[in-house]
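Engineer: First the structure, then my questions, so here it is.
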Amino acid sequence: MKLSTTSSTRLAKTPLLIVPVCQGEKPILPKGVKVPTGFAARFEGKARSTRSTFAQSGPADQVLLIGLGARQDVECEGLRRCGAIAARQAEDLGVAKASFWADGVEDFECGGQAVGVALAEGILLGAYRFRQMKSKPEAHKCKAIGVSSDDRGVKRGLTHGRVTAAASAYARDLQNLPGNKLTPTEFARRARKIANGSPRLTCKVLDERAMAKLGMGLLLSVSQGSTQPAKMVHLCYKPKKRSRGRIALVGKGLTFDAGGISIKPSAKMDEMRFDMSGGAAVLGTFHALTQMDVPYEVHGILGCSENTIDGAATKPGDIFTAMNGLTVEVNNTDAEGRLVLADCLTYAVKKVRPDTILDLATLTGAVIVGIGHELTGIFPSSETLRDELVASGQRVGELCWPLPLLDVHKEGMRGTSGDLSNIGSPALGAGSSQGAAFLSSFVPADIDWCHLDIAGSAWGTAQRDWVGGSTGTGVGVRLILDYLSTRA
Ligand code: BES
Ligand code: ZN
Ligand code: ZN
């Protein structure tokens, strides 16, 4: 699907004209478009409702109205959904292209630019399908939607939304690829390819030998039982202007998590191809950074690994030494994400020295029990970081919910023989907080840090037109991009 911007002074000939309508308001159709009497009057404009007709004369063959609900309640989420419904209906009607009439949308409370972003993201992510694994992938019938507006803010927003939506769709593709196609090696290859696309990006890939030299014993332990070698990817973005800070984004990139000897039940085990969603979010962010500027030096660190089983696999009780020197008892080989992240965090701390670290990971099933699929659980180390991430989440429709990280959770991660255990006492409960507590041993207190547990939000969310269902959501990409563009 292509998204273009066209003028709203005059509508060019189109097979389908799409017009958003507020509840209780009359649709404002472009000049010359004549529809049957009563067509518009019978449309109430309730949010997400639609009505279509063949036009009697004028530049449009068909006209589709999409309801937005009451004007004062229209928010970005409603506009994203409207954009997605437009894309879906254009596809269902079988037209090769369509025009979205956005004249006047700049008057909504969120402002022209945000409206433009929301419409572009809604249209492009609503049209997203994962078809590349079909032997004969069905092409989209609707190839292009032109959004008509002469507002500078809306146009700027559309251009920006095209970049953020493409990055999110890129992350979705990575998520949806099965474990045999997206291996750690392939993940690293794709990261290199992204970096090659921009003079502002560099990419370094560490193989197992290089990681062993650095003492990354925890990360390396996870793929001991796999034929796929682990990789760690280090991407770096340097801003055009003077940098206002250094941020490290760390992503859990388990291209498959069978659990290891603490093997997972077979029901839904296939979903563990999504266990690289944190890494996908980080690489998706860099996809966007090839086309947009942010005033920070941004580092991306992907821990790419596969957690499977053979005779060399980690045995419960095995003890490994982390890159920061701590020894860790692996009492459950299925709690592998924190092992991979721990060494990636140490790498970030030692090699990058960032002022802020965000890590994204499908870390715990417990976060789904606690807060479900519609939210990302966040563990921010400061109120500022918490407020900024919550606000970004609200703007982009990737909601974040702060969860507690108490001293008792940290104390619960102490090991019997080693310094730490990778699991806490089940009696303590709060599995997601325990995961965060384990990670906290690898981030010094003077670095602002937030762990984002995306185990719920990465797939399986409710249907919201532009997102939802059993496949990857691309969560994290637009959240981080908004954070990078707005943080103080
Ligand atoms: N990748 C899983 C977490 C997960 C489970 C994500 C289900 C999404 C859906 C992670 O590696 C894991 O297995 N965590 C364990 C931790 C436990 C052993 C302390 C879990 O959540 O059960
Ligand atoms: Zn696991
Ligand atoms: Zn996992």
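Engineer: Under 15 Å from a point 7 Å along the Cα-to-Cβ line of Ala212: which residues of the stretch 320-344 have their amide N that close?
Structural biologist: Of the residues in the stretch 320-344, 321 have backbone N under 15 Å from the label point off Ala212.
Engineer: Which one of Val369, Pro295, Ser425 has its Cα pushed farthest toward the positive end of the charge dipole of the chain, where Lys and Arg give +1 and Asp and Glu give -1 at the Cβ?
Structural biologist: Pro295
Engineer: OK, next. Counting each DSSP H run of 4 or more residues in the chain as -39500 (n - 2.57), what helix-only mean residue ellipticity at 222 nm follows after dividing by all residues, to the nearest 500 deg cm²/dmol?
Structural biologist: The helix contribution divided over the chain gives -9500 deg cm²/dmol.
Engineer: Around Val33, with a cut-off of 13 angstrom between Cβ atoms, what is the net charge of the other residues, counting Lys and Arg +1 and Asp and Glu -1?
Structural biologist: Summing Lys/Arg as +1 and Asp/Glu as -1 gives +2.
Engineer: Among Thr202, Cys304, Leu484, which residue has its Cα positioned farthest towards the positive end of the charge dipole of the stretch 169-486, with +1 placed on the Cβ of Lys and Arg, -1 on the Cβ of Asp and Glu, and the dipole taken about the Cα centre?
Structural biologist: Thr202
Engineer: With charges set only on the Cβ (+1 for Lys and Arg, -1 for Asp and Glu), what does the dipole of the chain come to about its Cα centre, in debye to the nearest 20?
Structural biologist: In total the dipole reaches around 2080 debye.
Engineer: If you don't mind, another one. Calculate the radius of gyration of the Cα atoms of the stretch 335-488 to one decimal place, then report Dmax, the largest Cα-Cα distance, as a whole number, both in Å.
Structural biologist: 15.3, 51
Engineer: Another question about this same structure. Can you tell me which of 471-483, 393-405 comes out highest on packing, and rank the rest after it, using the mean Cβ neighbours within 10 Å?
Structural biologist: Going from most to least packed, we get 471-483, 393-405.
Engineer: Starting from a Cα-only point model with no solvent, please compute log10 I(q)/I(0) by Debye for the stretch 41-152 at q = 0.10, 0.19 1/Å.
Structural biologist: So the normalised log intensities work out to -0.31, -1.04.
Engineer: What is the sum of charges, Lys and Arg at +1 and Asp and Glu at -1, for the other residues whose Cβ falls under 9 Å from the Cβ of Gly245?
Structural biologist: Neighbour charge sum, excluding Gly245 itself: +1.
Engineer: Normalised by the empirical 2.2 N^0.38 Å for globular proteins, what value does the Cα Rg of the chain take?
Structural biologist: Dividing the Cα radius of gyration by 2.2 N^0.38 Å gives 1.03.
Engineer: I would also like to ask the following. Taking all protein chains in place and a 1.4 Å probe, what share, in percent, of the accessible surface of the chain do carbon and sulfur account for?
Structural biologist: Using a 1.4 Å probe with all protein chains present, the chain comes out at 51 percent carbon and sulfur.
Engineer: Taking only C-alpha pairs under 8 Å that are 6+ residues apart, what is the relative contact order of the stretch 169-486 in percent?
Structural biologist: 22
Engineer: Work through the residues other than Leu289 whose Cβ is under 12 Å from its Cβ and net out their charges, Lys, Arg +1 and Asp, Glu -1.
Structural biologist: With Lys, Arg at +1 and Asp, Glu at -1, the neighbours total +1.
Engineer: I've got another one for you. Quick one: pull the percentage of alpha-carbon pairs in the stretch 109-189 with a separation above 20 Å. Display every interim value, and only then the final one.
Structural biologist: Details: 1494 of 3240 pairs.
The proportion of pairs with Cα distances above 20 Å equals 46 percent.
Engineer: With a cut-off of 13 Å, note down the residues of the stretch 339-359 whose backbone N falls inside the zone around a label point 7 Å from the Cα of Asp419 toward its beta carbon.
Structural biologist: 342-343, 346-347
Engineer: Nearest 10 degrees, 0 to 90: what angle lies between the long axis of helix 277-289 and the longest principal axis of the chain (Cα atoms)?
Structural biologist: Roughly 60 degrees between the two axes.
Engineer: Between the helical axis of 184-196 and the dominant principal axis of the chain, each derived from Cα atoms, what acute angle in degrees is found, rounded to the nearest 10?
Structural biologist: 60
Engineer: Additional query: Counting other C-beta atoms within 10 Å, and keeping those with at most 15, which DSSP coil chymotrypsin sites (Phe, Trp or Tyr not before Pro) do you find in the stretch 148-239? Don't jump to the answer; show the numbers that get you there.
Structural biologist: Values: sites: Tyr170, Phe187, Tyr237; in loops: none.
Loop-located and lightly packed - none at all.
Engineer: What accessible area per residue comes out for the chain, rounded to a whole number of Å², with a 1.4 Å probe?
Structural biologist: Per-residue value: 40 Å².
Engineer: Using +1 on the beta carbon of Lys and Arg, -1 on that of Asp and Glu, and nothing else charged, what's the dipole of the stretch 158-213 about the Cα centre, debye to 20?
Structural biologist: Values: 11 positive and 4 negative charges, 34 e Å.
Dipole about the Cα centre, nearest 20: 160 debye.
Engineer: If you don't mind, another one. Hey, quick one: spin label on Lys264, modelled 7 Å out along Cα-Cβ, who in the stretch 305-330 has an amide N within reach, i.e. under 19 Å?
Structural biologist: 305-310, 313-316
Engineer: Can you pull the semi-axes for the stretch 1-59, root of five times each eigenvalue of the Cα gyration tensor, sorted largest first, whole Å?
Structural biologist: Computed over the stretch 1-59, the values are 20, 15, 11 Å.
Engineer: Just going by the charge dipole of the stretch 2-149, with Lys and Arg at +1 and Asp and Glu at -1 on Cβ, which of Gly126, Gln56, Ser148 is farthest out on the positive end?
Structural biologist: Result: Gln56, furthest along the dipole toward the positive end.
Engineer: Additional query: Run the 1.4 Å probe and let me know the accessible area of Met232, rounded to the nearest 10 Å².
Structural biologist: Only protein atoms counted, so the area is about 0 Å².
Engineer: Could I ask something else about it? Out of all DSSP beta bridges with both ends in the stretch 180-325, state the antiparallel percent to the nearest 5. Write down the numbers at each step before the final one.
Structural biologist: Working: 13 of 24 bridges.
Here the antiparallel bridges make up roughly 55 percent for the stretch 180-325.
Engineer: Placing +1 at every Lys and Arg Cβ and -1 at every Asp and Glu Cβ, with all other atoms neutral, what dipole size does the stretch 344-393 have around its Cα centre, in debye to the nearest 20?
Structural biologist: I would put it at about 340 debye.
Engineer: Report the accessible area of Phe256, computed with a 1.4 Å probe over the heavy atoms of all protein chains in place, in Å² rounded to the nearest 10.
Structural biologist: 40
Engineer: Suppose R0 equals 30 Å. What FRET efficiency, 1/(1 + (r/R0)^6) with r the Cβ-Cβ distance, do Met133 and Thr53 give to the nearest 0.05?
Structural biologist: 0.20
Engineer: Turning to a different aspect of this structure: To check my understanding: the extent here is largest minus smallest coordinate of the Cα atoms along each principal axis. What are those three numbers for the stretch 85-242, in Å, largest first?
Structural biologist: 60, 48, 26
Engineer: Could you sort Glu106, Glu306 by accessible area so the largest value comes first, with the probe set to 1.4 Å?
Structural biologist: Highest to lowest solvent-accessible surface, that is Glu106, Glu306.
Engineer: Moving on to the next point. Can you tell me the 0 to 90 degree angle between the C-alpha axis of helix 383-396 and the longest principal axis of the chain, rounded to 10?
Structural biologist: 40
The values are calculated or read from the model by the stated rules, or taken from the named source; none is laboratory data. Treat the numbers as computed from the prediction; the structure is a model and nothing was measured. Neighbour counts are summed over all protein chains in view; Cβ atoms, including those assigned to glycine, are modelled from backbone coordinates with ideal geometry. Note: areas computed on protein heavy atoms with side chains; ligands, DNA, RNA excluded. Shrake-Rupley method; radii C 1.70, N 1.55, O 1.52, S 1.80 Å.
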